[in-house]
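Visitor: Please see the structure below; I have some questions.
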Amino acid sequence: MATQDNGVKSVTIGNLESAFAGESMAHIKYRYFAKLARAAGAEDVAKVFEDTADQEVMHAFGHLDLLYPKAQMTPAKALEIAIEGEVYEYTTMYPQFRHLAIEEGNSAAVAEFDEQIEESKVHAAAFQRTLEIAAKRFAALANVEERHANHYKATLAKLTAAA
């Protein structure tokens, strides 16, 4: 994320993150409302919610384009960001939510948070495995490219010497 010279996250970046969260939440909420409307037999209402949800996704993508500029992103960086997010969920966010749900006596929320803690662990591990596999693949490709480059250099040296 972009920070100011003093290392503090810019207000605009914070606003983009909030806007992204809001658009993402609206997308999911409208998909859920469409599901409820369809179950109630209101196909026309469901369609309006789904069309709007599609627009909310495009808004969220626009914010992501600014938060994670394509020119600065790699698959490895995306995986690292995803791992960081999932680890935060199972080490900090959901445990805090779970604790408060216990204090309030909301056992359904406790069960939901427990499930999400486990899912976040699974997601983080899957992203980590993918990152490790990708790193090995990129290292192997680098070796192949280096061999090709050395072959081309040797060939060029022979041609230059013969000329």
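Visitor: Could you please find all residues in the stretch 103-135 being aliphatic (A, V, I, L, M) and at pLDDT 95 or above? Working first, answer last.
Guide: We begin by selecting, within the stretch 103-135, every residue aliphatic (A, V, I, L, M); these are 108-111, 117, 122, 124-126, 131, 133-135.
Once the filter is applied, which keeps residues that are aliphatic (A, V, I, L, M) and at pLDDT 95 or above, the stretch 103-135 yields Ala108, Ala109, Val110, Ala111, Ile117, Val122, Ala124, Ala125, Ala126.
Visitor: Consider only pairs whose beta carbons are under 7 Å apart and that are at least six residues apart or on different chains; among these, list those whose first residue lies in the stretch 23-48 and is over 19 Å from Gly62 (Cα atoms) and whose second residue is surrounded by 14 or more Cβ atoms within 10 Å (Cβ to Cβ) and β-branched (Val, Ile, Thr).
Guide: So the pair list comes out as Ala37/Val45.
The values are calculated or read from the model by the stated rules, or taken from the named source; none is laboratory data. Note that this is a predicted model, so its numbers are computed, not measured. Ideal geometry is used to build each Cβ from the backbone, glycine not excepted, and the neighbour counts take in all protein chains shown.
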